[in-house]
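Working notes for the structure below.
The values are calculated or read from the model by the stated rules, or taken from the named source; none is laboratory data. Note that the coordinates shown come from a computational prediction; the quantities given were computed from them, not determined experimentally. Here Cβ is always computed from backbone atoms with ideal geometry, including for glycine, and neighbour counts include all displayed protein chains. When the accessible area is computed, the model is the full protein with side chains, heavy atoms only, and any ligands, DNA or RNA have been set aside. Shrake-Rupley method; radii C 1.70, N 1.55, O 1.52, S 1.80 Å.
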Number of protein chains: 2
Amino acid sequence: MKKTCSLCAGDGGVVILRTSSWRVVLAEDEPLHPCLVRVIAQKHLAEMTDLAPAERSECMALVFRMEETLRRILSPAKVNLASLGNMTPHLHWHIVPRQSDDPHFPGSIWAPPLRQTGVLSRPPGFEMALRQALENL
Amino acid sequence: MKKTCSLCAGDGGVVILRTSSWRVVLAEDEPLHPCLVRVIAQKHLAEMTDLAPAERSECMALVFRMEETLRRILSPAKVNLASLGNMTPHLHWHIVPRQSDDPHFPGSIWAPPLRQTGVLSRPPGFEMALRQALENL
């Protein structure tokens, strides 16, 4: 735990699942991408290769389960997966469902938006569907 | 194979490793990030969850081996991992070693550059070191 790290100090979103090693959260700080999900390490470490191979697999299983779930619920044009952490070097993955008319498409969501329209809204029961998808992992 | 897809039509960089399912390439089209490595599916498919779990693991093993190698050779401030594919929906991972004074840091490399200085140069023997790291996988 690092006091100056926002992902040590807070959850980084609405917690959907919490295990001893990981938490899955629904982002609350991405108004243009409200269906963005994050998989966040509980420990403060920076890189995937700071983890043992079995821990990396555990992490990616959560990432892929979320990708699968977002595809099923939203039928996005594309899913973006990214572990960047340049500003917050605490291991976290972004799982981002994209639509062809969303504010950044076909650019990355870390570039300036191209339009303010086409925000992918959360369908009814979205949070519950994510929770259910993680129940049987 | 899709005729209109640039990653079906070409390698997408200097090929470091080629297997029946994957190729690892050193990017030739990223002048601000010349040490960027890509892991690219040989088949034309878009998402990680289009693959069977064992194939996903094979892919991530290459991604993590490259992350490990770039860390060892370059001691970057951070490594960025991303599978976006909004413009080229043919599964490929970017493994991007970052330095704290590189042209985009701490932003993503898909945002406008913040400066033109600090380009991470390829050290002598870089390509050979990548090849060697993949020999014993």
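Determine, yes or no, whether A:Thr69 is among the polar types (S, T, N, Q), within 14 Å of chain B (Cβ to nearest Cβ) and closer than 21 Å to B:Leu45 by Cα.
Working: among the polar types (S, T, N, Q): yes; within 14 Å of chain B (Cβ to nearest Cβ): yes; closer than 21 Å to B:Leu45 by Cα: yes.
For A:Thr69, the condition - among the polar types (S, T, N, Q), within 14 Å of chain B (Cβ to nearest Cβ) and closer than 21 Å to B:Leu45 by Cα - is met.
Can you confirm whether B:Leu45 is at pLDDT 95 or above and either part of a helix (DSSP H, G or I) or open to solvent by 20 Å² or more (accessible area, probe 1.4 Å) (or both)? Quick ask: steps written out before the conclusion?
Details: at pLDDT 95 or above: yes; either part of a helix (DSSP H, G or I) or open to solvent by 20 Å² or more (accessible area, probe 1.4 Å) (or both): yes.
So B:Leu45 fits the description; yes.
Out of all the residues in the range A:103-134, which are modelled with pLDDT of 95 or more, in a loop (DSSP other than H, G, I, E, B) and more than 9 Å from chain B (Cβ to nearest Cβ)?
A:Pro103, A:Pro113, A:Leu114, A:Arg115, A:Arg122, A:Pro123, A:Pro124, A:Gly125
Quick one: would you say B:Pro76 is surrounded by 19 or more Cβ atoms within 10 Å (Cβ to Cβ), more than 8 Å from chain A (Cβ to nearest Cβ) and part of a loop (DSSP other than H, G, I, E, B)? Before the answer, list the steps.
Values: surrounded by 19 or more Cβ atoms within 10 Å (Cβ to Cβ): yes; more than 8 Å from chain A (Cβ to nearest Cβ): yes; part of a loop (DSSP other than H, G, I, E, B): yes.
So B:Pro76 passes the test.
Consider A:Ala61 carefully, then state whether it is out of contact with any strand residue (DSSP E or B) (no Cβ under 9 Å at 6 or more places or on another chain), over 21 Å from A:Glu28 (Cα atoms) and in contact (Cβ under 8 Å) with a residue 60 or more places away in the chain. So that I can check it myself, show each step before the final result.
Details: out of contact with any strand residue (DSSP E or B) (no Cβ under 9 Å at 6 or more places or on another chain): yes; over 21 Å from A:Glu28 (Cα atoms): yes; in contact (Cβ under 8 Å) with a residue 60 or more places away in the chain: yes.
When the stated conditions are applied, A:Ala61 passes them.
Specify which of the listed residues (B:Ser57, B:Ser100, B:Ser21) is away from chain A (no Cβ under 14 Å) and open to solvent by 20 Å² or more (accessible area, probe 1.4 Å). It would help to see each step written out before you state the result.
Details: B:Ser57 fails: away from chain A (no Cβ under 14 Å); B:Ser100 fails: away from chain A (no Cβ under 14 Å).
The conditions single out B:Ser21.
Got at least one residue in the range A:84-91 being within 13 Å of the chain's Cα centre (by Cα), within 21 Å of A:Ala129 (Cβ to Cβ) and either among the aliphatic types (A, V, I, L, M) or in a helix (DSSP H, G or I) (or both)? Explain how you work it out, then say what you get.
Narrowing the range A:84-91 to residues within 13 Å of the chain's Cα centre (by Cα): A:84-85, A:91.
Subsequent filtering for residues that are within 21 Å of A:Ala129 (Cβ to Cβ) retains none.
The answer is no, given that none of the residues of the range A:84-91 is within 13 Å of the chain's Cα centre (by Cα), within 21 Å of A:Ala129 (Cβ to Cβ) and either among the aliphatic types (A, V, I, L, M) or in a helix (DSSP H, G or I) (or both).
Taking the conditions exactly as written (of a type in the set (Gly, Ala, Ser), on the phi > 0 side of the Ramachandran plot and open to solvent by 20 Å² or more (accessible area, probe 1.4 Å)), does A:Ser6 satisfy them or not? Outline the logic, then answer.
Details: of a type in the set (Gly, Ala, Ser): yes; on the phi > 0 side of the Ramachandran plot: no; open to solvent by 20 Å² or more (accessible area, probe 1.4 Å): yes.
Spelling it out, it is not the case that A:Ser6 is of a type in the set (Gly, Ala, Ser), on the phi > 0 side of the Ramachandran plot and open to solvent by 20 Å² or more (accessible area, probe 1.4 Å).
Take A:Glu67 and tell me if it is at pLDDT 95 or above, in a helix (DSSP H, G or I) and open to solvent by 30 Å² or more (accessible area, probe 1.4 Å). Give the derivation first.
On the way: at pLDDT 95 or above: yes; in a helix (DSSP H, G or I): yes; open to solvent by 30 Å² or more (accessible area, probe 1.4 Å): no.
Taking the combined requirement at face value, the residue does not satisfy it.
Restricting the first residue to the range A:1-12 and requiring it to be charged (D, E, K, R), which pairs with a second residue that is not in a loop (DSSP other than H, G, I, E, B) meet a Cβ separation below 6 Å and a spacing of at least six or different chains?
A:Lys2/A:Cys8; A:Asp11/A:Val25
Looking at the range A:79-93 only, could you name the residues that are closer than 25 Å to B:Ser57 by Cβ and within 9 Å of chain B (Cβ to nearest Cβ)? Working first, answer last.
Residues of the range A:79-93 closer than 25 Å to B:Ser57 by Cβ: A:79-85, A:90-93.
Within the range A:79-93, A:Val79, A:Asn80, A:Leu81, A:Ala82, A:Ser83, A:Leu84, A:Gly85, A:Trp93 qualify.
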